[in-house]
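Colleague: Take a look at the following structure, please.
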Amino acid sequence: MSHRGRNGRRRGQAETRADKRGGAGTGGQEGRPTPEPLTPACFHVLLALADGPLHGYAIMQAANASGAGKSMGPGTIYGTLQRLLDGGTVRKLDDAATTRRRTFELTAQGRQALADESRRLVRLAELVRARRLVPESGCE
C-alpha cells in the first residue's frame, strides 16, 4: 500500500519547481506549456551565443558587455554553460586548433528558449510601461 500525502506525492518525494508554481502552465504558443523563465546568467549566455559559436572567455566578455548587471566570472559562465549543455540548449564544438579552448553554440532548443525568454521580457517591459513605472524613454 502506497502512503501518499495531501499533495498526492509519496512521503519523502521532493516537490519540483513545476509543483511550486502550479504545473507547467498552458500560456505558451499553440498550446505549448509555458517555459520556465531563464536565470539572468542563462539568458545572457544564450544571448551571447545568438550570433554564432564562441569560446568561454568570449562568452564572458559578451555577457558582461550586454549589461548582465553584476560581472560574471569564469565560475558563473562555465557553471551556466554546463547546465545549458546538460539541458540541451547549448552544444560544445570540437576546436581542432587547440584543446584548451572550448567553443560552444546554440542548439535549436537553445534558440527557442532564447526567443521564448525574449518574448516574456518584452511582455514584462510593456506591462511596466503601461503602468507608468518608468518614463516613456525608459532612462532617467
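Colleague: Determine, for Arg120, Arg101, the number of other Cβ atoms within 10 Å of each Cβ, and report the residues in order from fewest to most.
Modeller: Ranked by crowding around the Cβ, least crowded first: Arg101, Arg120.
Colleague: Sort His44, His55 so the one with the fewest other Cβ atoms within 10 Å of its own Cβ comes first.
Modeller: Listed from fewest to most nearby Cβ atoms, that is His55, His44.
Colleague: Determine the relative contact order of region 37-130: mean sequence separation of Cα pairs under 8 Å and six or more apart, normalised by residue count, in whole percent.
Modeller: Taking the mean separation of contacting Cα pairs over the length of region 37-130, I get 31 percent.
Colleague: What's the exposure ranking of Ser66, Ser71, going from fewest to most Cβ atoms within 10 Å?
Modeller: With the fewest neighbours first, Ser66, Ser71 line up as Ser71, Ser66.
Quick note: the coordinates plus some simple rules give every number you see, no bench work behind them. Values in this document were obtained by computation on a predicted structure and should not be read as measured data. We place every Cβ from the backbone using ideal geometry, glycine too, and count neighbours over all the protein chains shown.
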